[in-house]
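Notes follow once the structure below has been shown.
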Amino acid sequence: MAFEQVLGIVNVLPIQDIYLINRSIEKTYTFGEKLKEAGITAKIHTGVDRNEAVAQSDVICCATRSTEEVFDADYVKAGTHIIGVGSYLPEMREIPLGALEKAALIYADDYEGMKAEAGEFIDAVKQGKWSFDQLSGTLDELHMNQVERGVEDITIFKSVGAAHFDLAVAKGVFGKARQMNEGEEITL
C-alpha cells in the first residue's frame, strides 16, 4: 500500500522531498527506484535516520504491519499531518501515543472498524490516555462538514480499510472508464 499512498499524496500536495524509512535499507532503495520509474519527480531520500525524516516532514504516512510505534512523537513538528493505513489489528501499532495526545484533529475512515482494529488507539484507550469520544469524526462527516485546521495543528487520519470504501472507489473507476470508453469487458 505504501506505493499507492505516495502516488496519491503527490497528486494532491506539492511534495518536493520524500523520505523513505524501512527496517531494511535495501527495501528503501528498491522502493525509491520504483517511485522514480512511476514518474515521481520529488527528491527521494533513503538511508536517513527515522527521527531526522520525521522532523523534516509535513506529512507522515505509515503503511506498516508493525506491532510497535514506528517513530518518536517528539520529532513531529507543528502543522504535520499523519496518515496511518497499516496497523489493522488490535495488537498492531504504528502511530505513537504521543502523536495521538498532541493531535488537534483525528479522523478515521470507519468508527466501528477503528474501535475494533486500530491497535494504537485501542491501546491508548486501555492506558486511559485517549478515548474514542475524542475522535473528531469519520470521512463521511469530514466530507459533509468543512473543518478549520490551524497551520500549527497536528492532525491524524487513521484508516483500517473498510470494504465499502473500496467498493465506492471501484464504482467510480468503473464509471470513469465507461465514460471514457476505456477498458475491456470480461465475463466471469
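Within a straight-line Cα-Cα reach of under 23 Å, LYS77 can be paired with the following lysines, leaving aside sequence neighbours fewer than 8 residues apart in one chain: LYS43, LYS102, LYS129, LYS158. Taking amide hydrogens as placed 1.01 Å from N in the peptide plane, the amide H of HIS81 sits under 5 Å from those of VAL59, ILE60, THR155, each at least 5 positions away in sequence or on another chain. Applying the Karplus relation 6.51 cos²θ - 1.76 cosθ + 1.60 with θ = phi - 60° to the stretch 174-185 yields 3J(HN,Hα) values of 4, x, 5, 4, 4, 4, 8, 6, 10, x, 9, 7 Hz, where x marks Gly and Pro. Per-residue Karplus couplings for the stretch 74-91, computed as 6.51 cos²θ - 1.76 cosθ + 1.60 with θ equal to phi - 60°, are listed in order as 5, 8, 6, 8, 4, x, 6, 10, 10, 10, x, 10, x, 5, 9, 10, x, 8 Hz, Gly and Pro entered as x. The helix-based estimate of mean residue ellipticity at 222 nm for the chain, built from -39,500 (n - 2.57) per DSSP H run of four or more residues and divided by its residue count, is -11500 deg cm²/dmol to the nearest 500. Evaluating kT/(6 pi eta Rh) at 4 °C and 1.567 mPa s, with the Kirkwood radius of the chain over Cα pairs in the Stokes-Einstein relation, gives 72 µm² s⁻¹.
When you work out D = kT/(6 pi eta Rh) for the stretch 109-188 at 20 °C and 1.002 mPa s, using the Kirkwood radius from C-alpha pairs as Rh and the Stokes-Einstein form, the result is 137 µm²/s.
With θ taken as phi - 60° and the Karplus curve 6.51 cos²θ - 1.76 cosθ + 1.60 applied, the whole-hertz 3J(HN,Hα) list for the stretch 110-127 is 8, 4, 5, x, 5, 4, 8, 10, 7, x, 5, 6, 4, 5, 4, 5, 4, 7 Hz, x standing for glycine and proline.
Every number here is computed from the coordinates shown, using simple stated rules; none is lab data. Remember, predicted model here, so these are calculated numbers, not experimental data.
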